[in-house]
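Chemist: Submitted below is the structure of interest, expressed as structure tokens.
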Amino acid sequence: MIHLNIGSNLDSKYGTKFDNILIALNLLVESRVKIKKVSNFYETPSYPNRNFPKFINIGLTIDFKNEYLDLLKQIKLIEKKLGRVRTKKNDPRIIDIDIIDFNGEIKVTNDLILPHPKCHLRNFVLFPISQIDPNWSHPIIKKKAQFLINSLSQKSRIEITRLQKNVNIQT
């Protein structure tokens with residue numbers, strides 16, 4: 001199973017943070033990514049600078065027939081189309097698409113680390129995964145999302161909000 005996470009904490013010329021995520025999803029579909037499941041939207045404070053706008057995130061599971069580097073290339077094109085400008089680490093951004101897990105592969109390259117090196121520490125990754133794929137297990141740590149959620153600080157567990165807003169995409 002391939003897990004992605006999409007986040008936004010800036011509006012764009014296309015609309016709101018929600019719009020940015022929906023456009024990214026539709027661009028993924030157009031690029032022949034088969035979306036299987038999508039979580040609710042989740043809202044979290046911006047890390048590490050809480051003065052930045054809050055993030056909206058979703059998690060999704062997909063099917064993709066090619067290699068992980070091909071998927072990464074598609075993701076970078078989509079981020080560029082939406083107007084992402086890479087500035088300082090953790091600065092606000094229009095869109096951020098991360099490969100969290102690519103079929104359990106463990107890889108370290110100059111372009112990508114699989115699974116995502118901090119996914120087990122991030123509430124905005126773990127809560128959506130727990131919602132859409134409760135049996136997912138971290139490829140290295142070998143623990144399920146709920147176990148990893150329970151390992152987060154109490155603050156991290158309570159500062160995330162699952163929004164009632166759902167994602168509707170054309171597949």
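Chemist: Given axes a ≥ b ≥ c from the Cα gyration tensor, I'd like to know whether segment 43-96 is rounded (a/c under 1.5), prolate (a/b larger than b/c) or oblate.
Modeler: Working: a/c = 2.75, a/b = 1.74, b/c = 1.58.
Prolate is the answer for segment 43-96, as a/c is 1.5 or above and a/b outweighs b/c.
Chemist: Still on this structure, please answer the following. Could you work out the relative contact order of segment 2-162? I mean the mean sequence separation of Cα pairs under 8 Å and 6+ apart, divided by the number of residues, in percent.
Modeler: Details: 288 pairs, mean separation 44.9, N = 161.
The normalised contact order for segment 2-162 reaches 28 percent.
Chemist: While we're looking at this one, here's another question. Based solely on C-alpha atoms, express the radius of gyration and the Dmax of the chain in angstrom.
Modeler: Spelled out, the Cα radius of gyration and Dmax of the chain are 14.9, 41 Å.
Chemist: Just from its helices, what would the mean residue ellipticity at 222 nm be for the chain, if runs of 4 or more DSSP H residues each count -39500 (n - 2.57) and the sum is divided by every residue, rounded to the nearest 500 deg cm²/dmol? Display every interim value, and only then the final one.
Modeler: Working: 5 runs with 50 residues, N = 171.
Helix contribution divided over all residues of the chain: -8500 deg cm²/dmol.
Chemist: In addition: Stretch Arg50-Phe18 to full length: gain in nm at 0.36 nm per residue minus the Cα-Cα span? Please list the in-between numbers first.
Modeler: On the way: separation 32, 0.36 × 32 = 11.52 nm, distance 1.96 nm.
Roughly 9.6 nm would be gained on extension.
Chemist: Further question: Under a Cβ-only charge scheme (Lys and Arg +1, Asp and Glu -1), can you give me the dipole magnitude of segment 2-162 about the Cα centre, in debye to the nearest 20? List each step's numbers first, then the result.
Modeler: Numbers: 27 positive and 16 negative charges, 55 e Å.
About 260 debye.
Chemist: Assign one of three labels to segment 103-171, namely rounded, prolate or oblate, based on the Cα gyration tensor with a ≥ b ≥ c the square roots of its eigenvalues; rounded applies when a/c is under 1.5, prolate when it is not and a/b is larger than b/c, and oblate otherwise. Intermediate values should be presented prior to the final figure.
Modeler: Working: a/c = 1.81, a/b = 1.22, b/c = 1.48.
Oblate.
Chemist: Here's something else I'd like to know. Run through every distinct alpha carbon pair of segment 35-130 and return the Kirkwood hydrodynamic radius in angstroms, one decimal place.
Modeler: Details: mean 1/r = 0.0686 Å⁻¹.
Result for segment 35-130, one decimal place: 14.6 Å.
Chemist: Say each of Lys142 and Asp111 gets a label point 7 Å from the Cα, pointing the same way as Cα to Cβ; how far apart are those two points in nm?
Modeler: 3.1 nm
Chemist: Which ³J(HN,Hα) values, rounded to whole Hz and listed in residue order, are derived for segment 139-149 from phi using the Karplus coefficients 6.51, -1.76 and 1.60 in 6.51 cos²θ - 1.76 cosθ + 1.60 with θ = phi - 60°, glycine and proline given as x?
Modeler: x, 9, 6, 6, 10, 6, 4, 5, 4, 5, 4
Chemist: Still on this structure, I have one more. If you add up the charges near Ile113, with Lys and Arg at +1 and Asp and Glu at -1, over every other residue whose beta carbon is less than 13 angstrom from its beta carbon, what do you get? It would help to have the intermediate numbers written out before the result.
Modeler: Values: positive: Lys107, Lys118; negative: Asp98, Asp101, Glu105, Asp111.
Its environment carries a net charge of -2.
Chemist: Sticking with this one: Kyte-Doolittle cut-off 1.0, length cut-off 15 Å along the helix's own axis using Cα: show which whole DSSP H helices in the chain pass. Don't skip to the answer; put the middle values down first.
Modeler: Values: long enough: 17-30 (20 Å, 1.08); 68-81 (20 Å, -0.23).
What comes out of the filter, once short or polar helices are dropped, is 17-30.
Throughout, read-outs are computed from the coordinates displayed, never taken from laboratory work. The structure displayed is predicted, hence computed values, not measured ones. Virtual Cβ from ideal backbone geometry, glycine too; neighbours counted across all protein chains shown.
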